[in-house]
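J.: The following block contains the structure, expressed as C-alpha cells.
The numbers here are math on the coordinates, done by the rules we state, and not lab data. Given the structure is predicted, the values throughout are model-derived calculations rather than measurements. A quick note on method: Cβ atoms are made from the backbone with ideal geometry, for glycine too, and the neighbour counts reach across all protein chains shown.
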C-alpha cells in the first residue's frame, strides 16, 4: 500500500472509530481564552440549537445581545452552512503536505492546556468525521465532533488575526484608491483623443468583445510527449482561417482546471484572427486533483514548478515539427512571436516561461519553517512554499534555471502567484510586454502582495496593471469557476458571464498590439487604457488600468 492510500485508510479508520463514540467524543464546550487568566466558555449545543432552531439559551443570550439581528443571522448561517465535502476528500487533503501545513497554522489559535500536538490531530479528526455526518460538513458538526472535551480559542491570537486582516484590507483599499488617481493622471496627460470617445467606438464590430470576429476557425486536438511527464500532454489548437502569418497565444490554466476553463477566450481570439493553443497540464488538471481527492494517486510533486513552463516550450517544439511536416496548415503559425496567457498557478507558469526566475533565497527565508508564515492571510503562500522543494533536488534546481523561452514576446497574467516564488529579483528578469490583472476580492492570491507590488518589480518597459474591484480569484473562469473543488458563490463573485467581455477586450487588444507588426497594431494599442476597460466593465465591478507605478507611490498611498 503506498503512503497516500495508507494515510487515507488511517483517516477513514479514525472517522469510523469516532462515529461509534458520539456520546464520549466531541467538544462539550467552546471556550474563548484571553491569556493569561481569563476564559469564557459556552456549551457547543447552545450554539447548535441557536443555529438549527433559533433557540437562544440564557448563557448564549448574554453574548448574542451584543450582535444586531443581521449579525445574528450571519452567525447562524455560518454555523450551519454545508460545504458539501465527503470524508475521502477531507482526509486526502488534510493528510497532504499543504493540508497539514494549513491545519498547523489553524491550531495556532487553539489551546488545550497540556495537550501538545493534540489540537492538530483533534482538528483533523473533527474535519473528517464532520464530513461524514448526515447533517453535513458544517461548522456546528465540526465542533460537535472535535475529540477533546473543550475547544479553546486563543482570543488574543484571534484578535491579532482580525486586526491583521483589517489592516490588509485597509492597505488594499488605500492602494487601489491611489491606482485610480494614477489612472486619472495618465488619462489627462495622454495625447490619445481616443480616451474620450471609447464608448461610441465600442459599437464597431472589431472593437466590441461581445461581437463574433470576422474569421472562421477550426479546432484540432492532439497529445505530445514531455520528458518530465509519464503521460502525454493534451492540447486543443484553434486555427483561424486567414491569410498571412497567424499570431499564436498559449493558455496555461490554474491548479484543478483544464482546457475548458478558458475555451471561451480561445474561441473569441480565434474569431479575431489569433491562433490559440490551450494546454492541459497533466499534474494539476481537474482529473488529477479529483483522483487525488477521491483516494487515488497523490498531489503533484515539486517537479510541477519546472514541468509546467516546460510544457509550453515542448508544445512550441511540437508545433515547429508539425510546421515542417505540414507547412500548408501548421506553417502559418508565427512560432517566433508567441503570446502567453495564464491564471493563478498558470500566471506563475507564463511568467516563468517569459523569463522570471525562481528565487531560492526568498523561498528559503519565507518558508524555511512550517509556522514561519503564521496564520497568513495570503493562502497562495501555502502553495508557493512548495516550490522550495525544487532546490532540494540538484537536477530540478538546474532545470529551474533554464525555463525561459526566447520565442515568448508578450504575457498576460491573471491573478498570478509571484511574491515568494519570484520576488523582485525573479520578476526583474522579465523584459517583454506584460499585462497583469488583479481582483480586489481575491483571497487566495491577494492583489496587494501578489500583483500590485510585484508589478513594480517587472523589468519590462511595456507593462500594464489592471485592477478589477469586486472581482475574485474565480470571476473570469469558464465552466462555472468550480474546477475540482466546490467553490461557494461568494468566492466566485459577480456573474462571470457578465465579466467576460472585459477580459476578452483587453486580451485581444494586448495580443494584437504586441504579437505582430500589422498596420492596425497601433489602433489596438489605443485601447490599452482605463477608458476602454471601464467601458467594458459591468456593475458592480469597477476597473482601473495603469502603466506606471513605483514602490514609492505605493508607500505614499499607504501613508497619506
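J.: At a Förster distance of 60 Å, what's the computed FRET efficiency of residue 45 paired with residue 328, Cβ-Cβ distance as r, to 0.05?
T.: Values: r = 74 Å, r/R0 = 1.23.
FRET efficiency, residue 45 to residue 328: 0.20.
J.: Now for a different question. Quick one: 551, 453, fewest Cβ neighbours within 10 Å first, how do they rank?
T.: 551, 453
J.: When a footprinting reagent is the concern and you count Cβ atoms within 10 Å, what order do 334, 311 take, fewest first? Walk me through the numbers on the way to the answer.
T.: Values: 334 16, 311 26.
Starting with the residue having the fewest Cβ neighbours, the order is 334, 311.
J.: Still on this model: Treat each spin label as a single point 7 Å out from the Cα along the C-beta direction, and report the residue 177 to residue 73 distance in nm.
T.: Reported label-point gap for residue 177 and residue 73 is 3.0 nm.
J.: Subtracting the Cα-Cα distance from 0.36 nm times the residue separation, let me have the gained length for residue 214 to residue 241 in nm, one decimal.
T.: Roughly 8.7 nm would be gained on extension.
J.: Under a plain spin-label model, where a point goes 7 Å from the Cα along Cα-to-Cβ, how far apart in nm are residue 61 and residue 556?
T.: Going from the residue 61 label point to the residue 556 one covers 5.8 nm.
J.: From Cα pairs below 8 angstrom and at least 6 apart in sequence, can you work out the relative contact order of the range 58-152, rounded to a whole percent?
T.: 33 percent.
J.: Once the piece of chain linking residue 185 and residue 53 is laid out straight, how much longer is it, given 0.36 nm per residue of separation minus the C-alpha distance between them? Mind showing how you got there, number by number?
T.: Values: separation 132, 0.36 × 132 = 47.52 nm, distance 5.53 nm.
Between residue 185 and residue 53, full extension yields 42.0 nm more.
J.: Using the count of nearby Cβ atoms within 10 Å as a rough guide to exposure, how do 182, 52 rank from fewest to most?
T.: 52, 182
J.: Hey, with R₀ at 35 Å, roughly what FRET efficiency would residue 117 and residue 230 work out to, going by the Cβ-Cβ distance, to 0.05?
T.: 0.45
J.: While we're on this one: What is the packing order of peptides 259-267, 241-249, taking the mean over residues of other C-beta atoms within 10 Å and listing the highest first?
T.: Top to bottom by mean Cβ count within 10 Å: 259-267, 241-249.
J.: Just the projected area, averaged over all directions, of the convex hull on the alpha carbon atoms of the range 170-558: how many nm²?
T.: Its average projected convex-hull area is 18.5 nm².
J.: Once both labels are modelled 7 Å past Cα along the beta-carbon direction, what's the residue 170-residue 221 spacing in nm?
T.: With each label point 7 Å from Cα toward Cβ, the separation is 5.2 nm.
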